[in-house]
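Working notes, structure below.
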Amino acid sequence: MKIAVLRERADGETRVAATPETVTKLIALGAEVAIEAGAGELARFPDADYAKAGASVGAAAATIKGADIVLTVRRPAAASLAGASAGALVIGAMDPYGNEAEIAALAKAGVTAVAMEFMPRITRAQVMDILSSQANLAGYQAVIDAAGAFDRAMPMMMTAAGTVRPAKVFVMGAGVAGLQAIATAKRLGAVVTATDVRAAAGEQVESLGAKFIMTEALKDASGSGGYARELTKDEQAAQAELVAGHIAKQDIVITTALIPGRPAPKLVSRAMVESMAPGSVLVDLAAERGGNIELTQPGKTVTTANGATIIGFTNVAGRLATSASQLYSRNLVSFLETLVDKKEKALAVNWDDELVKATVLTRDGAIVHPNIKFDAVPAPAKPAAKAAEPAKTGATGKAAAPKRAAAPKAETAPAAPAKTAAVAKPIGGKVKKAAPIVAPIAKAAAPKKAPAKPAAAKSAASTAKGKK
Ligand code: NAD
């Protein structure tokens, strides 16, 4: 049983699907582990540490050759898998909606693509839940990013020179990321309020010491499986009225609202941003899915004419590449443990297991997931016989954020988006660009990519501060 981990090719992707710690665990499961040289570099895991853990480290072609399992963060190109065993399991975030042609190409290449974001949110699978592990870190990082761009102190400070009032932080959407944002802002001493459309979120918000605000007109917009449903027009208007009154008094706004299979709901209008005081900071964690704020420019930090800063990083978890890789790779090991016969130390997939049924997208040359439809005949994949060196695009850890949105959250059977045919647009449709009334901030915008030299990572944070 050979497990391969390739260097991520997507622009701006800093994470890696295995760490030296998880390599040890994979070897204990009976696997032989091959890591492409440099795969962990952007997450601060040197090749030597993988080798010390027992992995072989080499070029892409040697890494993938004969692999029975390929672990990945983002969906790899079919051509990069040439040389893997027939039917190899390719396990990672597959982001299938809007990318049906790419999924069809994986099917054609004969691999079994497994979408970790489709993992059912049941107790047994909590330890494999990549959406939760990554959203938790993103919620934390959103507050850190906001604090970095904020010109004032977050906590109340009583000094001989007078009192600094605490910052007011408003979190919109109190799911995994939102709750972590609330907890982080509270730890920094802010006065925190939060809203959500699910009434159940109120108790969780209050248990963290924040105030829950919700409009009377909107009793509860819980959908199935604990997720939110899309609001009606009237409900949207009631919510907008509530937010408009509240937001003008806030220093920092963090938006995290998502609805499975739908574009991110627009919660903060241009007028609302314009009502905020100069120096206000907004962080849009839904930027990758189009954004909750009308003026968000995905992948960019912008400042408005009234002096508000809107931070729209995509792949926020990737800004904490080390922690994110540690948690993500442990999620993968936990899932792999269910796919392996521990006694025989061999792959033994139970295709009837609900976790497998929910996550497998392709098998035996075809798309097998009921929610993924692709009618067009895909271009034939490269022959599997010859191991191809994948295109080198991501090694430099380019600052540009990954282009695609993460796939929508899934329950046991993930919700299909409005369109899933070959011509389907990505979830969230085309990312709406904010009108150019906002000027990009030259320095603060640099994402905290994890470049080769450790010192450079610090510079992004310091330039964010240094703009003042
Ligand atoms: P999510 O990322 O899908 O959405 C983030 C939040 O945005 C949600 O709380 C949602 O209600 C909220 N939202 C949607 N539209 C909104 C709007 N118009 N205004 C304000 N808020 C809006 O959510 P998530 O973090 O994936 O969590 C979804 C659910 O799954 C929660 O009930 C959570 O407790 C549950 N969950 C369960 C497990 C498990 O059992 N293993 C793990 C994680 C989360």
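Please treat every number below as a calculation from the coordinates, not as lab data. The shown structure was predicted, so the numbers you read here are calculated from the model rather than taken from an experiment. Note: ideal-geometry Cβ built from the backbone for every residue, glycine included; neighbour counts use all protein chains shown.
Does the range 77-119 classify as rounded, prolate or oblate by the C-alpha gyration tensor (a ≥ b ≥ c root eigenvalues; a/c under 1.5 gives rounded; else a/b over b/c gives prolate, otherwise oblate)? Display every interim value, and only then the final one.
Details: a/c = 2.25, a/b = 1.37, b/c = 1.63.
Since a/c reaches 1.5 but b/c is at least a/b, the shape of the range 77-119 is classed as oblate.
Restricting to DSSP loop positions (anything but H, G, I, E, B) with no more than 11 other Cβ atoms inside 10 Å of their own Cβ, which chymotrypsin sites (Phe, Trp or Tyr not before Pro) remain in the range 322-354? The partial results should precede the final answer.
Values: sites: Tyr328, Phe335, Trp351; in loops: Trp351.
Sparse-neighbourhood loop chymotrypsin sites (Phe, Trp or Tyr not before Pro): Trp351.
Using a Förster distance of 30 Å, how high is the FRET efficiency between Ser222 and Glu337, based on the Cβ-Cβ distance and rounded to 0.05? Mind showing how you got there, number by number?
Details: r = 33 Å, r/R0 = 1.08.
My answer for the efficiency is 0.40.
List the relative contact order of the range 267-309 as a percent without decimals, with contacts defined as Cα pairs under 8 Å and 6+ residues apart. Don't jump to the answer; show the numbers that get you there.
Details: 52 pairs, mean separation 21.2, N = 43.
Relative contact order here is 49 percent.
Can you give me the relative contact order of the range 130-263 as a percent, contacts being Cα pairs under 8 Å and 6 or more apart?
26 percent
Please list, by residue number, every one of the GluC sites (Glu not before Pro) in the range 329-367 that is coil in DSSP and has at most 11 other beta-carbon atoms within 10 Å. Walk me through the numbers before you get to the answer.
Working: sites: Glu337, Glu344, Glu354; in loops: Glu344.
Passing both the DSSP loop test and the Cβ count: Glu344.
In nm, give the distance between the simple-model label positions of Trp351 and Lys249, each being 7 Å from the Cα along the Cα-to-Cβ direction.
Computed distance between label sites Trp351 and Lys249 equals 6.0 nm.
Give, in nm to one decimal, the length gained when the segment between Arg165 and Glu32 is fully stretched (0.36 nm per residue of separation minus the Cα-Cα distance). Intermediate results must be reported in sequence, preceding the final value.
On the way: separation 133, 0.36 × 133 = 47.88 nm, distance 5.68 nm.
Full extension of this stretch gives 42.2 nm more.
Only sites in a loop by DSSP and with at most 16 other Cβ atoms within 10 Å count here; which trypsin sites (Lys or Arg not before Pro) in the range 199-236 make the cut? Working shown, then result.
Numbers: sites: Lys211, Lys219, Arg229, Lys233; in loops: Lys219, Arg229.
In loop regions of the range 199-236 (DSSP not H, G, I, E or B), the sparsely surrounded trypsin sites (Lys or Arg not before Pro) are Lys219, Arg229.
So, R0 is 25 Å and r is the distance between the beta-carbons of Asp151 and Arg270; what FRET efficiency does that work out to, to 0.05?
Numbers: r = 22 Å, r/R0 = 0.88.
Here the calculated transfer efficiency is 0.70.
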